[in-house]
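Undergrad: Can you read through this structure? Questions will come right after.
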Amino acid sequence: MENINLEGTPKTPAVSFNANEGRLELKGRSIPENSVEFYKPINQWIEEYGKSPKEVTIFDVKLEYFNTSSSKCILDVFKLLEGINGNGTEVKVNWYFEEDDEDMEEAGEDYQAIIPLPFKMIEVEEI
């Protein structure tokens, strides 16, 4: 299975999904012109990965900002990961947020309340 490695831009996050290691990372800003189109290959990759996932999959979310349309797409990503969780596999989410960024901290808490995956809230100085 091919890994995904996309460079971040001012409008799209860096994406690093490694199937061999079970490590997935979104980092940066997510304000693409068309969120659905941007996240479509990411969702397809997760669906394919879900057919033969690692025993433990770690999803690191290091977003400094995302817009409303991205929030729905990110929720879809979490739902796909939720489908992988269980039956001998585990998905863990690390939600990173900057120390003074209450909005991103709350966004992580909101996803945590909606999606039954183990979330770890990690406060950092800078993303």
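The values are calculated or read from the model by the stated rules, or taken from the named source; none is laboratory data. Quick caveat: nothing in here was measured; it's all calculated off a predicted structure. Cβ placement follows ideal geometry from the backbone for every residue including glycine, while neighbour counts extend to all protein chains displayed. Side chains included, ligands, DNA and RNA excluded: accessible areas come from the protein's heavy atoms. Shrake-Rupley method; radii C 1.70, N 1.55, O 1.52, S 1.80 Å.
Undergrad: For the stretch 109-124, just list the computed ³J(HN,Hα) in residue order, Karplus coefficients 6.51, -1.76 and 1.60, θ = phi - 60°, integers in Hz, with x standing in for Gly and Pro.
TA: 5, 5, 4, 4, 6, 8, 9, x, 10, x, 9, 10, 8, 10, 8, 10
Undergrad: Still on this structure, I have one more. Provide the gained length on full extension for the span Thr68 to Ala14, in nm with one decimal, where the gain is 0.36 nm per separating residue minus the Cα-Cα distance.
TA: Length difference between fully extended and current span is 17.6 nm.
Undergrad: Can I get the semi-axes of the stretch 8-54's equivalent ellipsoid? Compute them from the C-alpha gyration tensor as square roots of 5 times the eigenvalues, in angstrom, largest first.
TA: They are 22, 13, 5 Å, listed from largest to smallest.
Undergrad: Of the residues Gly86, Gly22, Gly50, which exhibits the maximal mean-square fluctuation in a Gaussian network model of the chain defined by a 10 Å Cα contact cut-off?
TA: Gly86
Undergrad: Rank these by accessible area, largest first, 1.4 Å probe: Tyr49, Tyr65.
TA: So, going from the largest accessible area down, we get Tyr65, Tyr49.
Undergrad: Rank these residues by their accessible area, most exposed first, probe 1.4 Å: Thr89, Thr57, Thr9, Thr68.
TA: Thr68, Thr9, Thr89, Thr57
Undergrad: Can you tell which of Asn94, Asn85, Asn34 shows the greatest fluctuation in a Gaussian network model of the chain with Cα springs below 10 Å?
TA: Per the Cα network of the chain with a 10 Å cutoff, Asn34 tops the list.
Undergrad: Here is a further query. Within the chain, what's the longest stretch lacking GluC sites (Glu not before Pro) that sit in DSSP loops with no more than 13 other Cβ atoms inside 10 Å?
TA: 56-98
Undergrad: Looking at the stretch 47-127, which trypsin sites (Lys or Arg not before Pro) are in a loop (DSSP not H, G, I, E or B) and have at most 10 other Cβ atoms within 10 Å?
TA: Lys51
Undergrad: Of all the C-alpha pairs in the stretch 4-124, what % are more than 17 Å from each other?
TA: Pairs farther apart than 17 Å: 53 percent.
Undergrad: Here's another thing I want to ask about it. Roughly how many nanometres apart are two label points built 7 Å out from the Cα toward the Cβ at Glu109 and Glu55?
TA: 3.5
Undergrad: In whole angstrom, how far apart do the alpha carbon centroids of the stretch 71-99 and the stretch 1-61 sit?
TA: About 11 Å separates the Cα centre of the stretch 71-99 from the one of the stretch 1-61.
Undergrad: With a/c under 1.5 counting as rounded, go ahead and sort the stretch 37-106 into rounded, prolate or oblate using the C-alpha gyration tensor (a ≥ b ≥ c being the square roots of the eigenvalues; past the cut-off, prolate if a/b is larger than b/c, else oblate).
TA: Here the stretch 37-106 falls in the oblate category.
Undergrad: Rounded to the nearest 500, what is the 222 nm mean residue ellipticity of the chain from helices alone, with -39500 (n - 2.57) per DSSP H run of 4+ residues and division by all residues?
TA: -11500 deg cm²/dmol
Undergrad: Using 7 Å Cα-to-Cβ label points, what is the Lys79/Glu47 separation (nm, one decimal)?
TA: 1.3
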